[in-house]
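Undergrad: Dropping the structure in here first, questions after.
Readers should treat all values here as calculations from the given coordinates under stated rules, not as data from a laboratory. Because the structure is a prediction, the values reported are computed rather than measured. We place every Cβ from the backbone using ideal geometry, glycine too, and count neighbours over all the protein chains shown.
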Amino acid sequence: MNRLIVVTVSLLWAWWGAAAGLASAQSAQGKPASQRPITVLIAYHTLRGHTEEMARGVEEGVRRVPGVVPVLKKVEEVTKEDLVAADGIILGCPTYFANIPGSMKAILDTWNWKLKVDFTDKIGGAFATGGGQMGGKEHTVVSLLLFMINNRMVVAGPLYEDEQGDDKWGELGAGAMTGPIDPKISPAELDSARRVGERIARLARKMR
Ligand SMILES: Cc1cc2nc3c(=O)[nH]c(=O)nc-3n(C[C@H](O)[C@H](O)[C@H](O)COP(=O)(O)O)c2cc1C
């Protein structure tokens, strides 16, 4: 009789453990991966709003791809659940001293180090704003892409064609100049933001 009780309790304990494990595996994202929508997280840092304007352009670009849902957030508001659920991640920031602002970099460093997110094969893209024409925004984009490659992501930039469609190019990311020489986000700069959003959304959908 005692043996029967011990076996029954052990079985219940094992069942409960398995159920709890399954629930926690799904709880980060709510649903199993196959049932979740394809999402592209756009995470950005901004103080004066220029980078946010570009981020909204990126969001529009993601929406161009049917079946892909953009999630737009300031980098400090991004949760582990956002990161785990994202099929694609697009990071954007202003250029500070030709690189990623330190406050944003400090947050990015926690994503692997503390949150322990597995970024393997998520699709990544980047954009940056900068006051100067040659103030280092391209370098900022590359730094963001390096962070992604180092975290085992697959990175890509926007595509463009010339007016005749003869020449096709890939770019590193999207960018906008915001300083006194050219303070507004121009239509061409916004277009680059839309194109990076669209490219990453397409690739995220393919990868899924
Ligand atoms: C501390 C600091 C450092 C900056 N360093 C650079 C720089 O090295 N190169 C550059 O082109 N712009 C630089 N800028 C200008 C910003 O990158 C630019 O104004 C950016 O568009 C601001 O983005 P936001 O409006 O989203 O905050 C710097 C701005 C600040 C506040």
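Undergrad: Could you list Lys184, Lys116 in order of exposure, starting from the residue whose Cβ has the fewest other Cβ atoms within 10 Å? Walk me through the numbers before you get to the answer.
TA: Working: Lys184 12, Lys116 9.
Lowest count first: Lys116, Lys184.
Undergrad: So who's got an amide H within less than 5 Å of the one on Leu72, skipping anything under 5 residues away but keeping other chains? H placed 1.01 Å off N, in plane.
TA: Residues meeting the criterion, in which the H sits 1.01 Å from N, are Ile42.
Undergrad: Provide the per-residue ³J(HN,Hα) series for segment 170-180, in order, calculated from phi with Karplus coefficients 6.51, -1.76, 1.60 and θ = phi - 60°, each as a whole number of Hz, with x at glycine and proline positions.
TA: Calculated HN-Hα couplings, in order: x, 10, 6, x, 10, x, 9, 8, 10, x, x Hz.
Undergrad: ³J(HN,Hα) across segment 77-91 via Karplus (A = 6.51, B = -1.76, C = 1.60, θ = phi - 60°), whole Hz, x for Gly/Pro?
TA: Values, residue by residue: 9, 5, 9, 4, 4, 4, 5, 5, 6, 6, 7, x, 9, 10, 9 Hz.
Undergrad: Give the residue list of chymotrypsin sites (Phe, Trp or Tyr not before Pro) in segment 78-116 that are DSSP loop and have at most 13 other beta-carbon atoms within 10 angstrom.
TA: Taking segment 78-116 and a limit of 13 other Cβ atoms within 10 Å, the loop chymotrypsin sites (Phe, Trp or Tyr not before Pro) found are Phe97.
Undergrad: When the Karplus curve 6.51 cos²θ - 1.76 cosθ + 1.60 is applied with θ = phi - 60°, which whole-Hz ³J(HN,Hα) does each residue of segment 158-163 get, with x for Gly and Pro?
TA: x, 10, 8, 10, 6, 4
Undergrad: Which far-off residues, 5 or more places away or on another chain, put their amide H under 5 Å from the one on Thr129, with H placed in the peptide plane?
TA: Cys93, Thr95, Ala176
Undergrad: Arranged by the count of other C-beta atoms within 10 angstrom, fewest first, what order do Arg205, Arg48 take? Mind dumping the intermediate values first?
TA: On the way: Arg205 17, Arg48 10.
Least crowded to most crowded, the residues run Arg48, Arg205.
Undergrad: For segment 37-207, what is the Kirkwood estimate of the hydrodynamic radius, computed as the reciprocal of the mean inverse distance between distinct Cα atoms, to one decimal in Å?
TA: It is 15.6 Å.
Undergrad: A further question on this structure: Can you put Val58, Val141, Val68, Val84 in order of Cβ neighbours within 10 angstrom, beginning with the fewest? Each step should come with its number before you reach the end.
TA: Values: Val58 32, Val141 27, Val68 22, Val84 15.
Ascending Cβ contact count within 10 Å gives the list Val84, Val68, Val141, Val58.
Undergrad: Could you give the distance between the Cα centres of segment 52-82 and segment 125-200, to the whole Å?
TA: 16
Undergrad: Something else now. In the structure displayed, which of Lys73/Lys122; Lys122/Lys184; Lys74/Lys122; Lys184/Lys206; Lys73/Lys168 lie more than 25 Å apart, Cα to Cα? Present the calculation step by step, with values, prior to reporting the outcome.
TA: Values: Lys73/Lys122 18 Å; Lys122/Lys184 32 Å; Lys74/Lys122 19 Å; Lys184/Lys206 35 Å; Lys73/Lys168 31 Å.
Listed pairs above 25 Å: Lys122/Lys184; Lys184/Lys206; Lys73/Lys168.
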